[in-house]
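Worksheet: one structure, shown below.
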Amino acid sequence: MTQYKVLVVQPISSSGMEVLKNANVEIIQPESTKDEVLEEIVVDCDAILVRTKVISRSLIEKAKKLKVIARSGVGYDNIDIIAAAEKGIYVCNVPRVNSNAVAEHVVGMIIALSRNILKADKALRKNHFEVREYFIGNELTDKTIGLIGYGNIGQLTAKKCALGLDMNVIVYDPYIQNERSLENVVFVDSVDTILEQSDFVSLHLPYTSELHHIIGEKELQKMKSTASLINCARGGLVDEKALYKAIKYNEIRGAGIDVFENEPPEDNYTLWNLENIIVTPHMAAHTKESLGQMASGAAKEIINVLQEKEPVNSVNKHLFSSIQNI
């Protein structure tokens, strides 16, 4: 009986490794994630399990036996799904399992920004106890959070803000219209309404070329000067140069950013020079619970395909017939 080879590009939770081991596959863990290293290894691999590493057309074309690429996570913009579809290779993700983790991170950023928690922490460590007199926060009750996008993460964020913090929630999502999952949620008909009315604007969108810099200079100028932007979705959604100017010149109050156009950002990045911004290294989904579920979910998808079963969450199967007919 053939033993399949699975390339695990980056370290994953032990629960995912356990699924693979129980299926008796050969697990390949590279010493480096450099493209030239992976291109040599992938030649005779049957599956790839990846987190954030870019799986390019070049890498996919080097793989002679590849049947499935599974992303330990929700987003899959780091994988060339068209190149995979051309070769009949499934690309799978693990939706929903990290939704609560990201929603909690969003709420944490909102609270930290509204109460100046990080600025006060830094000041107190320098023995400036007196900052309590001028780092005056704002309560969140009756403030408005505007969500652009209302998928799983957006819906959980709305629930936590509306029911947990007594905030008003407005939503723009052209694909989910007139839905009322909560009495406290009001749908609006444009992004501009979100920008103009919200005290916090939070992005809950995938990244596509059409959505590149959906928040740029023009959009930031429409926000309240007392408002903050939260992005725990994808870096390319926000024009970071425009965001820097908007915060520096007090056009908006601040931002909470977990994702960046280039990851990792360059040394001494301009955003680091701003006080009214909280940054985290693309870790909103990184809880023990979600990492375990994402890894095991991705591993199960690989086993499904290797056992000639349909994957549960293929993001490119719909492309197979159209590409093959060209």
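The values are calculated or read from the model by the stated rules, or taken from the named source; none is laboratory data. Just so it is clear, the model here is predicted, and its values are computed rather than measured. Here Cβ is always computed from backbone atoms with ideal geometry, including for glycine, and neighbour counts include all displayed protein chains. Accessible surface areas use protein heavy atoms only, side chains included; no ligands, DNA or RNA. Shrake-Rupley method; radii C 1.70, N 1.55, O 1.52, S 1.80 Å.
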Next item on the list: Mind listing the long-range amide H neighbours of residue 91? Cut-off is under 5 Å, sequence gap 5 or more, other chains count too, H placed in the peptide plane at 1.01 Å from N.
Entry: 69, 315, 316, 317
Next item on the list: Restricting to the chain, compute how many DSSP beta bridges are antiparallel as a %, nearest 5.
Entry: 5 percent
Checklist line | Charge-dipole axis of the chain as Lys and Arg at +1 and Asp and Glu at -1 on Cβ define it, positive-most pick from 13, 216, 320 | finding: 13
Checklist line | Cβ-based charge dipole, the chain, positive-most Cα from 175, 156, 298 | finding: 298
Check: Ignoring any ligand, DNA or RNA, what whole percent of the accessible area of the chain comes from carbon and sulfur when the probe is 1.4 angstrom?
Finding: 48 percent
Next item on the list: Using the Kyte-Doolittle scale, find the helices of the chain whose mean hydropathy is at least -1.0 and whose Cα atoms extend 24 Å or more along the helix's long axis, counting only whole DSSP H runs.
Entry: 288-306
Next item on the list: Work out the FRET efficiency for residue 56 and residue 226 from their Cβ-Cβ distance, taking R0 = 45 Å, and round it to the nearest 0.05.
Entry: 0.55
Next item on the list: Evaluate E = 1/(1 + (r/R0)^6) for residue 43 and residue 210, where r is the Cβ-Cβ distance and R0 equals 45 Å; express this FRET efficiency to the nearest 0.05.
Entry: 0.80
Notebook entry, point to check: Dipole magnitude of the chain about its Cα centre, charges +1 at Lys/Arg Cβ and -1 at Asp/Glu Cβ only, in debye to the nearest 20?
Noted result: 500 debye
Check: Taking a label point 7 Å from the Cα of residue 248 along the Cα→Cβ vector, which residues of region 218-233 have an amide N closer than 17 Å to it?
Finding: 218, 220-221
Margin query: Accessible area per residue for the chain in Å², computed with a 1.4 Å probe and the full protein assembly in place, what is it?
Written below: 52 Å²
Check: What ranking of 172, 134 comes out by heavy-atom accessible area, probe 1.4 Å, highest first?
Finding: 134, 172
Margin query: With an 8 Å Cα cut-off and a minimum separation of 6 or more residues, compute the relative contact order for the chain in percent.
Written below: 21 percent
Next item on the list: Return the loop-located GluC sites (Glu not before Pro) in region 166-249 (DSSP other than H, G, I, E, B) with at most 16 other Cβ atoms within 10 Å of their own Cβ; answer none if there are none.
Entry: 179, 183
